[in-house]
Amino acid sequence: MPETATSPDWLEKEPIGAIERIELLTVRLPFVAPFGTSVAVWNCKEALLVRLADKGIVAWGECVADPDPYYASETTVSARCIIKNFLLPELKPDLSLAGLLGRWRRVRGNEMARAALENALLDLLAKRRGLPLHSLLGFPSRRIMSGISIGIQETVAKLLEKVEEATACGYHRVKMKIQHGKDVEWVEAVRRRFPGLALMADANGDYSLADAAHLARLDEFKLTMIEQPLSYHDIYQHSLLQERLKTPLCLDESIHSVDDAAAAIALKSCRVINIKQGRVGGILEAVKMARLCAASGIPTWSGGMDETGIGRALNIQLQTAPGFTLPGDTSETSRYFQEDIDEPGVVLASDGFIEIPKGPGSGVEVVAERLERFLIDREQVN
Ligand code: OSB
Ligand code: MG
């Protein structure tokens, strides 16, 4: 968000007010196909949701943590613990959202837990005004670009089939997951078959500096970027790798705050940053980060965490902010689920763009019957 002097009134001054009912829910939705990365294969999406109900308004946040600590150290269980014991107790009706975030400053890390609750509060504040979230944040509606993240496949042939499907749908760029043993030849095969495709690769930290010469072989395939080749919390070694590669590097896992982004930019560790609002502590921090990147000449895009429609809708609203100049990991609902918990689902227009939903808040509504079906746990926490 803008710095204090230019912060909008609702952020600094308006009391959040009482909230009748606060609940934590866990849902589990089967994926249409397993999603494989260098760190894990996920067969379903298990997500912790925050539900705020007040005077007929229902607002939602989604925590991007997985049940396991394979992508990030936070999990659905750790996030629940932090939300219940350290974040919610600070929520007092007379505090503004900025005031609450100030109190949360002493909670270290746990960005995914914070984001889940902060985003639910933003959804609530927007819905109370009858405004879409992007309008509350001060950004005009704009159609956003689409992108798809294709998981590790069994064979090169299967990968080519998936890329073919994605290009037929009209995605603006394709990201393919790579790992040791499924990298240079696999990228080469895709590039050969799709010479003009905007293509990138995501390694989820599978390599080390010792692989620099191997990774440099990717330079000839005109990748738009290589995402997180090195360790999930490294910034410095990426700067050494970037010096040795022509292909721009993009950081994902290593970036948890605006300060991390500033460090990565100063060290020239990457030329692109993947901003996942859920990984950086919420939409407000994500907006600040996009602003810093824009001011530093670093293009950014919105990553995804295979969220349900709630989280995806928040990512879509976020991409109206200045700085999101590249297509992100925002795909059609049908790429993830046979049936999602919300309406309307995400679909690509014939030119590959995605419309911002017109409704208040995140712009999507949870369908009660589907929620019931996918629900595995529900707890009132106020
Ligand atoms: O590294 O960007 C990643 C999904 C889960 C965990 C990590 C990542 C991803 C994706 C998929 O790449 C993004 C999406 O389609 O939501
Ligand atoms: Mg990634």
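Computed values, structure above
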quantity: Single match in GLU227, GLU161 (criterion: open to solvent by 50 Å² or more (accessible area, probe 1.4 Å) and closer than 21 Å to THR37 by Cβ); calculated: GLU161
quantity: Residue selected from the stretch 15-48 under the condition part of a loop (DSSP other than H, G, I, E, B) and within 30 Å of LYS162 (Cα to Cα), by the criterion most open to solvent (accessible area, probe 1.4 Å); calculated: VAL39
quantity: Condition check for ALA79: small (Gly, Ala, Ser), under 25 Å from PRO8 (Cβ atoms) and touching a residue at least 24 places away in the same chain (Cβ under 8 Å); calculated: no
quantity: Qualifying positions in the stretch 297-311 - open to solvent by 10 Å² or more (accessible area, probe 1.4 Å), within 15 Å of ligand 2 (Cβ to nearest atom) and not charged (D, E, K, R); calculated: GLY304, MET305
quantity: Enumeration of residues in the stretch 211-233 that are touching a strand residue (DSSP E or B) at 6+ places or on another chain (Cβ under 8 Å) and part of a loop (DSSP other than H, G, I, E, B); calculated: LYS222, LEU223, THR224, MET225, GLN228, PRO229
quantity: Cβ-Cβ under 8 Å pairs, at least 6 apart or on other chains, the stretch 191-216 side in contact (Cβ under 8 Å) with a residue 40 or more places away in the chain, far side away from ligand 2 (no atom under 16 Å from the Cβ); calculated: ALA198/HIS172; ASP206/HIS180
quantity: Every residue from the stretch 360-378 that is surrounded by 14 or more Cβ atoms within 10 Å (Cβ to Cβ) and free of Cβ contacts under 8 Å to residues at least 60 places away in the same chain; calculated: VAL364, GLU365, VAL367, ARG370
quantity: Candidate set: the stretch 67-79, residues that are in a helix (DSSP H, G or I) and touching a helix residue (DSSP H, G or I) at 6+ places or on another chain (Cβ under 8 Å); chosen: the one surrounded by the most Cβ atoms within 10 Å (Cβ to Cβ); calculated: ALA79
quantity: Flag for ALA294 being at pLDDT 95 or above, more than 14 Å from ligand 1 (Cβ to nearest atom), open to solvent by 10 Å² or more (accessible area, probe 1.4 Å) and assigned to a helix (DSSP H, G or I); calculated: yes
quantity: First in the stretch 328-348 and in contact (Cβ under 8 Å) with a residue 12 or more places away in the chain and within 16 Å of ligand 2 (Cβ to nearest atom), second anywhere and open to solvent by less than 20 Å² (accessible area, probe 1.4 Å) and of a type in the set (Ser, Thr, Tyr), Cβ under 6 Å, 6 or more apart; calculated: GLY328/SER302; ASP329/SER149; THR330/SER146
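The values are calculated or read from the model by the stated rules, or taken from the named source; none is laboratory data. As the structure is a prediction and not an experimental result, all values here were calculated from the model. Every residue, glycine as well, gets a Cβ built from its backbone with ideal geometry; the counts of neighbours run over all protein chains shown. The accessibility values were calculated without ligands, DNA or RNA, using every heavy atom of the protein model including side chains. Shrake-Rupley method; radii C 1.70, N 1.55, O 1.52, S 1.80 Å.
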